[in-house]
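Asks: One structure follows; several queries about it will come next.
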Amino acid sequence: MLTKRIIPCLDVKDGKTVKGINFENIKGVGDPVELGKHYAEMGADELVFLDITATNEKRKTLSELVAKIAAEINIPFTVGGGISSVEDVKILLESGADKISVNTAAVRNPQLIKELAETYGSQCVVIAIDTNLVDGKWYVFLNGGRVATDIKAVDWAKKAVELGAGEILLTSMNHDGTKDGFALDITAAISEAVNVPVIASGGAGTMEHFVDAFTKGKADAALAASIFHYGEVKIPELKKFLAKQGIPVRI
Amino acid sequence: MKVTIIKYNAGNIRSVDFALRRLGVEPLITDNPNEIRSADRIIFPGVGEASSAMHYLRNQKLDKLIVDLKQPVLGICLGMQLMCSHSEENNTECLGIFEQKVRRFPEMDVKVPKIGWDNIYSLKTDLFKDIPEREYVYFVHGFYVEKCDYSIALSEYGIEYSAGIQRNNFYAVQFHPEKSGVAGQKIIENFLGLKQPLTEKKVAANS
């Protein structure tokens, strides 16, 4: 049976892993290569590596870092941050990334999803959606959560999948960094609206939150950063806990 | 031992390269026919889309070359699908090493693509030497090869299908051994250690 995935996220800025609280107040928590290797050994099912301040000038630095991490780990690896063209994706895949995650550029230019899916296959195209609850509705936000749009998250997820997205990485900005649990309603709504895997992100604080993400949130994978980086939740214990609750995990 | 990775327009070649290096093997990544033909082991990797991959292989005249290889070849993911006769992915004629057709998972029952760790069972051949039944490996795919006489590993996703197939010197796996942790590493090691097969067809053709 296909198992639910536990995914540590490495937010990287200037070559160091950082984690923001509500995307602000960023502080460094370690070397991404060491962290990646550590997580692979601990039983993480996958890694997500987001360059949160990616710019064109830093693209080369990013691909070099991706290559260093990929050389050390034997589990799958998604890279995102500032990706806006097929050429960007080519460089990252050639550096050792297995999948790429596109956020703002896909909203600005939805055809990019189609181009990427046609060139590299849907299975390596992850669409990252940052969403925020405004007046009771979940809207898509861009540029690391700084720019609001009038696009509803469910509508965008559906369109992205129609264009060829193979996976949705859904981050609730309202929950990110709060440790109060994942945004279960919107995660479930998107998981039911699209027929590709959905990764729940933002808000993990306890092992019970992961259970909720997989049951009530209907997520296929759950992503977290700081609770793993700071050792507040340890992956082997989390997986044992999930297995006890009847959730299929790889142990 | 000379290990060659066939270079073409498919992703994740670097991941396979890294996995081999972790085993202490320095592979050659090339589309040079002589370098491919003279290798002891050949890996035909792939994350990508079937029709553009086949188009590229034909343009580079690698299609015939791959079919005629006599040393152990390991197809991975798209590589495995391209070894079959036809893929439903953009209605693509493939290499035809296996006569099976590659189909898309029916969307009614399951999410497509299948992404994640799942177990493999009914393991056959030395490719899976010391790999326990129901071992977890990593899959990322929207298309599959059905269970058949060539199956050397099975998995399930709505239906039971081939996680691995083998015919003569051609081995192929649907999952990504290069991304399947310690178990995947062992499978790659097993592939490198496979005995050179003598194939009935090739022997007959050469005699």
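The values are calculated or read from the model by the stated rules, or taken from the named source; none is laboratory data. The model shown is predicted, which means the values in this text are computed figures rather than measured ones. Glycine also receives a Cβ, built like all others from the backbone with ideal geometry; neighbour counts cover every protein chain displayed.
Asks: Residues of the stretch B:156-187 being of a type in the set (Ser, Thr, Tyr), under 15 Å from the mean Cα position of the chain (by Cα) and within 13 Å of chain A (Cβ to nearest Cβ), which ones?
Replies: Those that are of a type in the set (Ser, Thr, Tyr), under 15 Å from the mean Cα position of the chain (by Cα) and within 13 Å of chain A (Cβ to nearest Cβ): B:Tyr161, B:Ser180.
Asks: Taking the condition of being within 14 Å of chain A (Cβ to nearest Cβ), aliphatic (A, V, I, L, M) and surrounded by fewer than 24 Cβ atoms within 10 Å (Cβ to Cβ), how many residues in the stretch B:136-155 meet it?
Replies: Adding up the residues that qualify gives 1.
Asks: Still on this model: Would you check if there is a residue in the stretch B:23-42 being modelled with pLDDT of 95 or more, closer than 23 Å to B:Gly96 by Cα and under 15 Å from the mean Cα position of the chain (by Cα)?
Replies: Yes, because at least one residue in the stretch B:23-42 is modelled with pLDDT of 95 or more, closer than 23 Å to B:Gly96 by Cα and under 15 Å from the mean Cα position of the chain (by Cα).
Asks: Identify the residue in the stretch A:74-119 that is surrounded by fewer than 23 Cβ atoms within 10 Å (Cβ to Cβ) and of a type in the set (Lys, Arg) and, among all such residues, is farthest from A:Arg146 (Cα to Cα).
Replies: A:Lys90
Asks: Could you please find all residues in the stretch B:44-70 being over 29 Å from A:Ile113 (Cα atoms) and among the β-branched types (Val, Ile, Thr)?
Replies: Answer for the stretch B:44-70, where residues must be over 29 Å from A:Ile113 (Cα atoms) and among the β-branched types (Val, Ile, Thr): B:Ile66, B:Val67.
Conditions (1) of a type in the set (Phe, Trp, Tyr); (2) surrounded by 20 or more Cβ atoms within 10 Å (Cβ to Cβ), marked per residue:
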position: A:Ile151; (1), (2): no, no
position: A:Ile186; (1), (2): no, yes
position: A:Val194; (1), (2): no, yes
position: A:Ser201; (1), (2): no, yes
position: A:Phe210; (1), (2): yes, yes
position: A:Leu238; (1), (2): no, yes
position: A:Ala243; (1), (2): no, no
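Asks: So, one more: Give just the number: which of (1) out of contact with any Leu (no Cβ under 9 Å at 6 or more places or on another chain); (2) crowded, with 17+ Cβ neighbours inside 10 Å; (3) more than 11 Å from every other protein chain (Cβ to nearest Cβ) does B:Val112 not satisfy?
Replies: (3)
Asks: For the stretch A:209-233, which residues satisfy the criterion of being of a type outside the set (Ser, Thr, Tyr), farther than 17 Å from A:Val48 by Cα and assigned to a loop (DSSP other than H, G, I, E, B)?
Replies: Matches in the stretch A:209-233: A:Lys216, A:Gly217, A:Lys218, A:Gly231, A:Glu232, A:Val233.
Asks: Are any of the residues in the stretch B:47-63 among the aliphatic types (A, V, I, L, M) and closer than 20 Å to B:Asp126 by Cα?
Replies: No, the stretch B:47-63 has no match at all.
Asks: Any idea which residue in the stretch A:64-100 is nearest to A:Ile127 (Cα to Cα), counting only those that are charged (D, E, K, R) and not in a helix (DSSP H, G or I)?
Replies: Restricting to residues being charged (D, E, K, R) and not in a helix (DSSP H, G or I), the top hit is A:Lys99.
Asks: Considering only the stretch B:49-62, I want to know if a residue exists there that is under 20 Å from B:Ile188 (Cα atoms) and either more than 14 Å from every other protein chain (Cβ to nearest Cβ) or β-branched (Val, Ile, Thr) (or both).
Replies: No, the conditions are met nowhere in the stretch B:49-62.
Asks: Only residues that are without any contact (Cβ under 8 Å) to a residue 24 or more places away in the chain and under 14 Å from B:Leu123 (Cβ atoms): list them for the stretch B:147-159, please.
Replies: The answer is B:Lys147, and nothing else.
Asks: B:Asp130 passes all but one of (1) assigned to a strand (DSSP E or B); (2) more than 9 Å from chain A (Cβ to nearest Cβ); (3) over 16 Å from the mean Cα position of the chain (by Cα); (4) not aromatic (Phe, Trp, Tyr); which number fails?
Replies: (1) is the only condition that B:Asp130 fails.
For (1) within 13 Å of chain B (Cβ to nearest Cβ); (2) touching a strand residue (DSSP E or B) at 6+ places or on another chain (Cβ under 7 Å), each residue gets a yes or a no:
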{"site": "A:Val194", "(1), (2)": "yes, yes"}
{"site": "A:Ile199", "(1), (2)": "yes, yes"}
{"site": "A:Gly203", "(1), (2)": "no, yes"}
{"site": "A:Met207", "(1), (2)": "no, no"}
{"site": "A:Leu238", "(1), (2)": "no, yes"}
{"site": "A:Phe241", "(1), (2)": "no, no"}
{"site": "A:Arg250", "(1), (2)": "yes, yes"}
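Asks: Taking the stated definitions as given, is A:Ala222 touching a residue at least 40 places away in the same chain (Cβ under 8 Å), in contact with a helix residue (DSSP H, G or I) (Cβ under 6 Å, 6 or more places away or on another chain) and more than 26 Å from A:Lys114 (Cβ to Cβ)?
Replies: Against the criterion (touching a residue at least 40 places away in the same chain (Cβ under 8 Å), in contact with a helix residue (DSSP H, G or I) (Cβ under 6 Å, 6 or more places away or on another chain) and more than 26 Å from A:Lys114 (Cβ to Cβ)), A:Ala222 qualifies.
Asks: Right, here's the next one. Take the conditions at pLDDT below 95, of a type in the set (D, E, K, R), within 17 Å of B:Val73 (Cβ to Cβ) and over 13 Å from the mean Cα position of the chain (by Cα) and apply them to B:Lys201. Does it pass?
Replies: yes
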